[in-house]
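Student: Sharing a structure with you now.
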Amino acid sequence: MDPNAVKSTLSNLAFGNVMAAAARDYQKEILAQEKAQASSSLNQEVDLDDLMDDPELEKLHADRIAALKKEAEKRQEWKKKGHGEYREITEGDFLAEVTGSEKVICHFYHKEFYRCKIMDKHLKSLSPKHIDTKFIKLDAENAPFFVAKLAIKTLPCVILFRQGVAVDRLIGFQDLGGKDDFSTRTLEALLIKKGIIDEKKDGDDDENDGYDESTRRTVRSSVVADSDSD
């Protein structure tokens, strides 16, 4: 037999053995990876099951549900007291209204004064956003006793009550830049600063809160003087 042919045959056999061994090793490695992945997936499932039964998470969930329930009950209680809307009251209702809620904003107005109408518009816009505060209005002409008692001299006059006690007031627009075209957001920021309403973080859009131009023109056609007082 040709020695060179024998050598070539042995070489080919050796190469074949190496490739076969490599193929076996590769197959083992693939099987090992698949096993590791299956084990990891099983561990993840076990971890998720453990989390579902975690007493701390269950307590957090229960606390959250309780907080939401309490908040809903508060909102219902506030609505029963007339919160969430801007309402007109009578002089006979005044004491019960301002003492019946923790925080109350009462606008003393005159139906013919255009600045009172501007204030009405902004307070009406704010009342549903700040349901924890009561927003009411009272015709100053029909409430002479409380106008005198609270020493109201200029309208509009917005008086802020806490626990039935008058703690602050807005007289005319002097704290709002002295102009008629202030925004609802400006009034809101002032009331937040005075602590009678809380700052909202839901980004409510009040881009259209400016006093409507056509309404402004109509109101300014009134013969009422620019400076309103009682």
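Student: Based on what the data block shows, is residue 138 touching a residue at least 24 places away in the same chain (Cβ under 8 Å) and in a strand (DSSP E or B)?
Tutor: For residue 138, the condition - touching a residue at least 24 places away in the same chain (Cβ under 8 Å) and in a strand (DSSP E or B) - is met.
Student: Of these, 112, 199, 188, 141, which one is of a type in the set (D, E, K, R) and either on the phi > 0 side of the Ramachandran plot or touching a Ser or Thr at 6+ places or on another chain (Cβ under 8 Å) (or both)?
Tutor: Testing whether each residue is of a type in the set (D, E, K, R) and either on the phi > 0 side of the Ramachandran plot or touching a Ser or Thr at 6+ places or on another chain (Cβ under 8 Å) (or both) leaves just 112.
Student: Looking at (1) touching a residue at least 60 places away in the same chain (Cβ under 8 Å); (2) part of a strand (DSSP E or B), which is the one condition that is false for residue 168?
Tutor: Among (1) touching a residue at least 60 places away in the same chain (Cβ under 8 Å); (2) part of a strand (DSSP E or B), residue 168 violates only (1).
Student: Right, another one. Across the stretch 122-153, what is the total count of residues that are open to solvent by 10 Å² or more (accessible area, probe 1.4 Å) and either among the aromatic types (Phe, Trp, Tyr) or over 21 Å from the mean Cα position of the chain (by Cα) (or both)?
Tutor: The total comes to 14.
Student: Listed residues 158, 223, 167; which is modelled with pLDDT under 95 and hydrophobic (A, V, I, L, M, F, W, C)? Let's see the steps before the verdict.
Tutor: Working: 158 fails: modelled with pLDDT under 95; 167 fails: modelled with pLDDT under 95.
Testing whether each residue is modelled with pLDDT under 95 and hydrophobic (A, V, I, L, M, F, W, C) leaves just 223.
Student: Restricting attention to the stretch 104-120, does a residue exist that is in contact (Cβ under 8 Å) with a residue 12 or more places away in the chain, of a type in the set (Lys, Arg), assigned to a helix (DSSP H, G or I) and loosely packed, with under 13 Cβ neighbours inside 10 Å?
Tutor: Scanning the stretch 104-120 turns up no residue that is in contact (Cβ under 8 Å) with a residue 12 or more places away in the chain, of a type in the set (Lys, Arg), assigned to a helix (DSSP H, G or I) and loosely packed, with under 13 Cβ neighbours inside 10 Å.
The values are calculated or read from the model by the stated rules, or taken from the named source; none is laboratory data. Keep in mind it's a predicted model, so treat the numbers as computed, not measured. Neighbour counts run over all protein chains shown; Cβ positions are idealised from the backbone, glycine included. Quick note on the areas: whole protein, heavy atoms, side chains included, nothing else; ligands and nucleic acids left out. Shrake-Rupley method; radii C 1.70, N 1.55, O 1.52, S 1.80 Å.
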